[in-house]
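No value in this document is a laboratory result; all are computed from the given coordinates. Fair warning: this is a prediction, and the values are worked out from it, not measured in the lab. Every residue, glycine as well, gets a Cβ built from its backbone with ideal geometry; the counts of neighbours run over all protein chains shown.
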Amino acid sequence: MYMHAVATLNVDRISHYYLQRGHTENEGDSMHSTIDRAARRVNIYTPMQWYAVVASAKRQGEAYSVVEMADEMKDFKSLCECYFTQSPKC
């Protein structure tokens with residue numbers, strides 16, 4: 001993914017930081033915890049059911065906004081074949 005970004009976008013450098021477990025706290029941690037608690041109360045059989053679980057997870061305040069992604073996903077497996085093999089597939 002990083003090689004693709006550097007090759008196709010106007011990016012000079014990418015810095016990737018690995019955080020140490022237990023030494024960080026952010027808004028996402030609270031959100032994930034809330035969603036995990038909500039998911040324990042229901043049976044989830046398909047990935048599509050996660051939208052409803054996430055949207056209804058928060059009991060107080062403004063509900064989480066869930067945006068379903070359609071064609072915005074990138075197949076990075078094909079990019080690996082492009083950048084890490086000898087055959088020019090890209």
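Points 7 angstrom from Cα along the Cβ direction at Lys58 and Cys82: gap in nanometres?
Taking the simple label geometry, Lys58 and Cys82 are separated by 3.6 nm.
From Cα pairs below 8 angstrom and at least 6 apart in sequence, can you work out the relative contact order of the chain, rounded to a whole percent?
Across the chain, relative contact order equals 21 percent.
May I ask you to list the trypsin sites (Lys or Arg not before Pro) in region 14-90 that are in a DSSP loop and have at most 16 other Cβ atoms within 10 Å of their Cβ?
Arg21, Arg41, Lys58, Arg59, Lys74, Lys89
Quick one: what do you get for the chain if you divide its Cα Rg by 2.2 N^0.38 Å?
Against the empirical 2.2 N^0.38 Å value, I get 1.53 for the chain.
Please give the helix 27-40 orientation as an angle from the longest Cα principal axis of the chain, in degrees from 0 to 90, rounded to the nearest 10.
On a 0 to 90 degree scale, this one is about 60.
Among Val54, Val42, Val11, determine the one that fluctuates most according to a GNM of the chain built with springs between C-alpha atoms less than 10 Å apart.
Val11
If you take the beta carbon distance between Asp75 and Ile14 as r and set R0 to 25 Å, what does 1/(1 + (r/R0)^6) give as a FRET efficiency, to the nearest 0.05?
Here the calculated transfer efficiency is 0.80.
Select from region 29-59 those chymotrypsin sites (Phe, Trp or Tyr not before Pro) which occupy a DSSP coil region and have at most 16 other Cβ atoms within 10 Å, ordered by residue number.
Tyr45
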